[in-house]
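Peer 1: Below is the structure I would like to discuss, written out as C-alpha cells.
The values are calculated or read from the model by the stated rules, or taken from the named source; none is laboratory data. Keep in mind it's a predicted model, so treat the numbers as computed, not measured. Quick reminder, even Gly has a Cβ in these numbers, built from the backbone with ideal geometry, and neighbours come from all protein chains shown.
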Amino acid sequence: MSFSGISLSERMVSALSKLGYHNPSPVQQNVIPKALRGVSLLAQSETGSGKTHSYLIPIIEKVDMNLSRPQAIVIAPTRELARQTYEFAREFQRFYPKFRVRLYTSEADVTQNEQGASIAPQLIIGTPGRVKAMLIDKELFVLNNVKMVILDEADMLLDLGYFEDIETLFGHLNNPQTMVFSATLKQNLRDELLKFVRSDFQFESDKIQTASTVKHHLINIKHIGEANALIQFLKLKNPYLCIVFCSTKDKVAEIHQALLDNNIDNLYFSGSLDERSRKRALREIKANTHQVIVASDLLARGMDIEDVTDVVSVDLPNDLEFYHHRAGRTGRFGKSGDSWVFYNNDTEAKPRELYENGVKFEFLSLRAGKLVDDPVGLAPKTKLRKKAEFSEQEAKEIKIAKAMSRKKHVEPMHKKKTQFAIEKVKRKYKRKAIQRSIRKELETQAKAKRKAYNDED
Ligand code: AMP
C-alpha cells in the first residue's frame with residue numbers, strides 16, 4: 001500500500017516521497033486514518049515501527065498553517081526523544097513554509113533563538129515539566145486552539161512520574177484528541193490515562209514485540225567474565241555497528257574501560273554524562289564515528305540510530321521489558337539485526353524468564369574464543385523445575401536416601417550426609433534429564449535437516 005492509499009493530501013504524499021518515504025508502515029496504516037478522523041487512541045508501538053510519523057503526518061495535515069497559535073502538543077519523556085521528534089517535524093518545513101515548531105526541553109533555548117520567539121508555533125514538542133512551565137506557568141500562548149495532544153513513550157512518562165504535569169496540562173485544554181503511544185499496555189497506564197483522556201478513547205491491544213527481523217541469541221559465557229567475553233565476541237564478529245547494553249552506570253564505565261585497555265575503540269553513553277557530553281555523544285552516534293557504543297538503558301528507549309546491526313546485553317535489566325527496547329535498536333525498518341545476550345549458570349534466571357515468555361533464543365556458548373551451538377541451552381533446567389519431570393522413581397530414591405540417613409542420625413554430621421545423599425540422587429537425574437534433552441535436540445535438528453533435504457528435492 002502507498003501513502004496515497006490512506007487518504008493523505010497530494011502535497012503530503014509528495015513531501016513524503018521527497019523525504020524518501022513511499023509506503024506506510026503497519027502502525028502508520030493503522031493509526032494515520034484514525035488520527036485524521038479525530039479518533040483518540042492508545043497504540044502499542046513496536047520500536048522502530050515508524051510511530052513518530054504516524055502522528056506527525058496527521059498533525060501536519062490537520063493544523064491550520066495560516067493560524068499562528070499552538071494547535072498540537074507532543075510530550076516525550078526525555079529531551080533526546082523530544083529533539084529527535086522535533087528534527088523529524090522540521091524536515092517538513094521545506095514543503096510547508098508556514099509550519100512552525102517549537103521545542104521545549106531543558107536544552108531548548110537555542111531553538112527559540114533559531115526560530116524567533118515572537119511568532120507562535122502550530123506544534124509544540126517537549127518534555128512534560130518544560131511544556132507545563134512554558135504553557136501553564138508562564139502562559140506563553142493562548143491554548144484555545146490546541147486540538148491534538150500526543151503522549152509518546154507513555155509507559156516511560158508514567159514510570160518517570162510525569163503524569164501529574166500532564167494531567168495539569170490537560171486541565172487547561174479543551175478535550176483535545178489524544179494519541180498515546182506506548183511500548184507496553186500495562187493496566188496502571190490505562191488507569192492513569194482514564195483520569196484525563198476523552199471518554200471515546202480507544203485502547204488497542206496488540207501484544208508487545210520487537211521487530212520480527214531481530215534474531216535473538218543467548219550465549220553461555222561460563223566463568224570467563226562479561227568484559228572478556230565481550231572482547232572475544234567483538235573480535236569474532238567484527239560487527240558493523242554494535243550497541244553494548246549494561247544495566248548499571250558502573251558497569252558501562254567498567255566495560256568501556258576494559259575495551260579501551262584492549263585497544264577497542266568505543267563510545268560511552270550513560271546518564272552519568274553531563275548535558276554537553278551527552279549531546280556530543282549523541283552527535284557522534286548519529287555521525288557513525290564509532291563501531292561500538294557501550295550504553296545504559298537510557299539509549300534503549302525510542303532513540304533512532306540507523307544501521308545498528310548488533311545489540312549485546314552483557315547483562316539483563318531488572319525490568320525485562322527493557323530487553324525488548326534494547327533488541328529494538330536493531331532490525332529497524334525491515335533490516336535484519338541480531339541481539340546477543342550473555343549469561344552463565346549464576347545469571348540464568350532472567351534469560352529463562354524471557355525464554356519462557358516467548359523470546360525465541362538460539363542457544364550458543366563461547367568456547368575457546370569461538371561461538372558454538374549449545375544443544376543444552378536453558379532447556380533441561382526448565383524441565384527439571386517442572387514437577388512432572390521428577391519421575392516417581394527419583395522421588396522414591398530420594399525417600400530411601402533420607403530414610404537411610406535417618407537411621408544413622410546419631411552419627412556426627414548426619415545432616416550433611418543426608419543432604420549429600422539427596423544431592424547425589426538429584427545429580428543423577430539431572431544428568432539423565434540433560435542427556436534426554438540433548439538427544440531430543442539432536443533428533444529435532446536431524447529431523448529439520450532431513451526435511452530441508454527433502455524440500456530441496
Ligand atoms: P520511529 O519508530 O518513529 O522511531 O521511526 C523509525 C525510523 O523509521 C525513522 O528513521 C524514520 O525516518 C523511519 N520511517 C518512518 N516512517 C517510514 C516509512 N513509511 N518508510 C520508511 N522509513 C520510515
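Yes/no per residue for (1) buried (at least 21 other Cβ atoms within 10 Å of the Cβ); (2) among the polar types (S, T, N, Q); (3) under 27 Å from the mean Cα position of the chain (by Cα):
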| position | (1), (2), (3) |
| --- | --- |
| Asn66 | no, yes, no |
| Arg79 | yes, no, yes |
| Glu87 | no, no, yes |
| Arg90 | no, no, yes |
| Arg100 | yes, no, no |
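Peer 1: Which of the residues spanning segment 140-163 are on the phi > 0 side of the Ramachandran plot and out of contact with any strand residue (DSSP E or B) (no Cβ under 8 Å at 6 or more places or on another chain)? Step through it out loud before you land on a result.
Peer 2: To start, the set of residues in segment 140-163 that are on the phi > 0 side of the Ramachandran plot comprises 153, 161.
Within segment 140-163, just Gly161 meets the criteria.
Peer 1: Continuing with this model, one more query. Just checking, how many residues over segment 292-303 are in a loop (DSSP other than H, G, I, E, B) and under 10 Å from the mean Cα position of the chain (by Cα)?
Peer 2: Filtering segment 292-303 down to residues in a loop (DSSP other than H, G, I, E, B) leaves 296, 301-303.
Within this subset, residues satisfying the condition of being under 10 Å from the mean Cα position of the chain (by Cα) are 301-303.
Qualifying residue count, segment 292-303: 3.
Peer 1: Also, I was wondering about something else. Which one is farthest from the chain's Cα centre (by Cα), of the residues in segment 239-263 that are touching a residue at least 24 places away in the same chain (Cβ under 8 Å) and assigned to a loop (DSSP other than H, G, I, E, B)? Let's see the steps before the verdict.
Peer 2: The initial filter retains those residues of segment 239-263 that are touching a residue at least 24 places away in the same chain (Cβ under 8 Å), namely 239-249, 251-252, 254-256, 258-259, 262.
With the extra rule that they be assigned to a loop (DSSP other than H, G, I, E, B), the set shrinks to 239-241, 246-248, 262.
Numbers: Pro239: 20, Tyr240: 20, Leu241: 17, Cys246: 14, Ser247: 13, Thr248: 16, Asn262: 29 Å.
Going through the qualifying residues, I end up with Asn262.
Peer 1: Now for a separate question. When the residues of segment 324-342 are narrowed to those that are buried (at least 23 other Cβ atoms within 10 Å of the Cβ) and either on the phi > 0 side of the Ramachandran plot or in contact with a Pro (Cβ under 7 Å, 6 or more places away or on another chain) (or both), which ends up modelled with the lowest pLDDT?
Peer 2: Gly331
Peer 1: Still on this structure: Out of all the residues in segment 175-224, which are at pLDDT below 80 and part of a strand (DSSP E or B)?
Peer 2: Passing the criteria: Gln202, Phe203.
Peer 1: Testing Glu226 on (1) within 16 Å of the ligand (Cβ to nearest atom); (2) touching a residue at least 60 places away in the same chain (Cβ under 8 Å); (3) of a type outside the set (Val, Ile, Thr); (4) buried (at least 18 other Cβ atoms within 10 Å of the Cβ), one condition comes back false. Which one is that?
Peer 2: (1)
Peer 1: For Glu306, all conditions in the list (1) out of contact with any strand residue (DSSP E or B) (no Cβ under 7 Å at 6 or more places or on another chain); (2) assigned to a strand (DSSP E or B); (3) of a type in the set (D, E, K, R) hold save one; what is the number of the exception?
Peer 2: (2)
Peer 1: Now for a different question. When segment 372-397 is examined, which residues are found to be in a loop (DSSP other than H, G, I, E, B) and either of a type in the set (Val, Ile, Thr) or modelled with pLDDT of 75 or more (or both)?
Peer 2: As a first pass, look at segment 372-397 and keep what is in a loop (DSSP other than H, G, I, E, B): 374-378, 386, 390-391.
Asp374, Pro375, Val376, Gly377, Leu378, listed by residue number.
Peer 1: I've got another one for you. Taking the residues in segment 1-11 that are under 23 Å from Val180 (Cβ atoms) and within 13 Å of the ligand (Cβ to nearest atom) as candidates, determine which candidate is modelled with the lowest pLDDT.
Peer 2: Of segment 1-11, the ones under 23 Å from Val180 (Cβ atoms) are 6-8.
With within 13 Å of the ligand (Cβ to nearest atom) added as a condition, the list becomes 6, 8.
Values: Ile6: 87, Leu8: 93.
By that ranking, first place goes to Ile6.
Peer 1: Now a separate question. Can you find a residue in segment 262-284 that is in contact with a Leu (Cβ under 8 Å, 6 or more places away or on another chain), acidic (Asp, Glu) and surrounded by 13 or more Cβ atoms within 10 Å (Cβ to Cβ)?
Peer 2: Scanning segment 262-284, I find at least one residue that is in contact with a Leu (Cβ under 8 Å, 6 or more places away or on another chain), acidic (Asp, Glu) and surrounded by 13 or more Cβ atoms within 10 Å (Cβ to Cβ), so the answer is yes.
Peer 1: Here's a follow-up. Would you mind telling me which numbered condition in (1) over 24 Å from Arg79 (Cβ atoms); (2) surrounded by fewer than 16 Cβ atoms within 10 Å (Cβ to Cβ) Val359 fails?
Peer 2: The one condition Val359 does not meet is (2).
Peer 1: Is it true that some residue in segment 37-57 is more than 13 Å from the ligand (Cβ to nearest atom), in contact (Cβ under 8 Å) with a residue 24 or more places away in the chain and in a helix (DSSP H, G or I)? Reasoning before the result, please.
Peer 2: If we filter segment 37-57 for residues that are more than 13 Å from the ligand (Cβ to nearest atom), which is where we start, we get 37-42.
Subsequent filtering for residues that are in contact (Cβ under 8 Å) with a residue 24 or more places away in the chain retains 38-42.
Still in the running and in a helix (DSSP H, G or I): none.
No, that holds for no residue.
Peer 1: Across segment 13-28, what is the number of residues that are more than 8 Å from the ligand (Cβ to nearest atom) and either small (Gly, Ala, Ser) or closer than 17 Å to Lys62 by Cα (or both)?
Peer 2: Here the count works out to 4.
Peer 1: Taking the condition of being among the aliphatic types (A, V, I, L, M) and within 16 Å of the ligand (Cβ to nearest atom), how many residues in segment 262-297 meet it?
Peer 2: Residues flagged as among the aliphatic types (A, V, I, L, M) and within 16 Å of the ligand (Cβ to nearest atom) within segment 262-297 amount to 3.
Peer 1: If the requirement is being in contact with a helix residue (DSSP H, G or I) (Cβ under 7 Å, 6 or more places away or on another chain), buried (at least 20 other Cβ atoms within 10 Å of the Cβ), among the hydrophobic types (A, V, I, L, M, F, W, C) and over 22 Å from Phe203 (Cβ atoms), which of these qualifies: Ile60, Ile32? If you could, list the steps in order and put the result at the bottom.
Peer 2: Numbers: Ile32 fails: over 22 Å from Phe203 (Cβ atoms).
After applying the criteria, what remains is Ile60.
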